[in-house]
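Participant: Structure below; questions to follow.
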Amino acid sequence: MDILRIIISSFAAVIVLFIITKILGDKQISQLSLFDYIIGISIGSIAAEMATELETPFNSLVAMLVFGFTSFAVTIITNKSVKIRKILTGRTLIIMDKGVIYRENLKKARLDLSDFLTLCRNSGYFDLNQIQTAVFEHNGNMSFLPVADERPLTPKDMNIKPKQDYIMTNVIMDGNICRENLKLTGNND
């Protein structure tokens, strides 16, 4: 009988986790703020406890809903308030600008020079003279603005106007014609 209750609680936990995740939105791990990460771990831990807690699984369900609601509320608040957003999600830091490395900002980002150089190489910059500005984003990514002479050549630089590309649309999927997609391509069956 306990096994059946564990199975039912586990399925309930998965369903509630799925619903909470859909409500909170799709984010990649790199896009999660520290707050989102903490909430995600907490909800996962509560869900695991809900699956095995045989006496009071409802308490875990309520706790998951509270964590989910809190995360949703914080998302709304941070979208409306820049001050609260800076507190909860952090802010960007300029690590390097015009050849000057800001060591204080490296410390704030908890990076050492070796970490910074690794991030530069991972982005294709093996020579710091190719970088105008390096910005450490609040999500842990590093963004680079190359020196004007080092940026990639674009058609606009050469006064060329290429034909616009559009996203590919599946018109046949699993052997079935996708009629709406077919119409979007300007064709009919």
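The values are calculated or read from the model by the stated rules, or taken from the named source; none is laboratory data. Keep in mind the model is a prediction, meaning the values are calculated, not measured. We place every Cβ from the backbone using ideal geometry, glycine too, and count neighbours over all the protein chains shown. Just so you know, the surface numbers come from the protein's heavy atoms only, side chains and all, with ligands and any DNA or RNA stripped out. Shrake-Rupley method; radii C 1.70, N 1.55, O 1.52, S 1.80 Å.
Participant: So what's the back-of-envelope 222 nm ellipticity for the chain, counting only DSSP H runs of four-plus at -39500 (n - 2.57) apiece and dividing by all residues, rounded to 500? Mind dumping the intermediate values first?
Facilitator: On the way: 7 runs with 96 residues, N = 189.
Taking each H run of at least 4 residues, the total per residue is -16500 deg cm²/dmol.
Participant: When ranked by the protection proxy of mean other Cβ atoms within 10 Å per residue, highest first, what sequence do the peptides 72-78, 37-43 form? List each step's numbers first, then the result.
Facilitator: On the way: 72-78: 14.6, 37-43: 16.4.
Ranking, from highest mean packing down: 37-43, 72-78.
Participant: How much area per residue is accessible in the chain when the probe is 1.4 Å and only protein heavy atoms are counted (Å²)?
Facilitator: Working: 14250 Å² over 189 residues.
Averaged over the residues of the chain, the accessible area is 75 Å².
Participant: Here's something else I'd like to know. For the chain, modelled as a Gaussian network with Cα springs under 10 Å, which listed residue fluctuates most, Asn59, Asn79, Asn159?
Facilitator: Largest GNM mean-square fluctuation: Asn159.
Participant: Now, a different point. If I compute solvent accessible area with a 1.4 Å probe over the protein chains, what percent of it on the chain is carbon and sulfur? Before the final figure, lay out each step's value.
Facilitator: On the way: 8470 of 14250 Å².
Carbon and sulfur atoms account for 59 percent of the accessible area of the chain.
Participant: How big is the charge dipole of region 69-167 about its Cα centre, in debye rounded to the nearest 20, if each Lys and Arg gets +1 on its Cβ and each Asp and Glu gets -1 on its Cβ?
Facilitator: Values: 15 positive and 10 negative charges, 114 e Å.
Rounded to the nearest 20 debye, it is 540 debye.
Participant: Hey, what angle do you get for helix 2-24 against the long axis of the chain, alpha-carbon based, 0 to 90 degrees rounded to 10?
Facilitator: So the helix axis and the longest Cα principal axis differ by about 40 degrees.
Participant: Let me ask another. Amide H of Ile95: which non-local residues (sequence gap of 5 or more, or other chain) have their own amide H closer than 5 Å, using H built in the peptide plane?
Facilitator: Long-range HN contacts for Ile95: Ala134, Val135, Phe136.
Participant: Determine, from the Cβ-Cβ distance of Leu117 and Phe69 and an R0 of 41 Å, the FRET efficiency 1/(1 + (r/R0)^6), rounded to the nearest 0.05.
Facilitator: Values: r = 43 Å, r/R0 = 1.04.
Once the sixth-power term is evaluated, E becomes 0.45.
Participant: What residues have an amide H closer than 5 Å to that of Ile131, excluding those fewer than 5 places away on the same chain, when H is modeled at 1.01 Å from N in the peptide plane?
Facilitator: Distant-sequence amide H within range of Ile131: Val147.
Participant: Between Ile84 and Ile177, what length comes free when the chain is fully extended (0.36 nm per residue of separation minus the Cα-Cα distance, one decimal in nm)?
Facilitator: Details: separation 93, 0.36 × 93 = 33.48 nm, distance 4.89 nm.
This chain segment gains 28.6 nm when fully extended.
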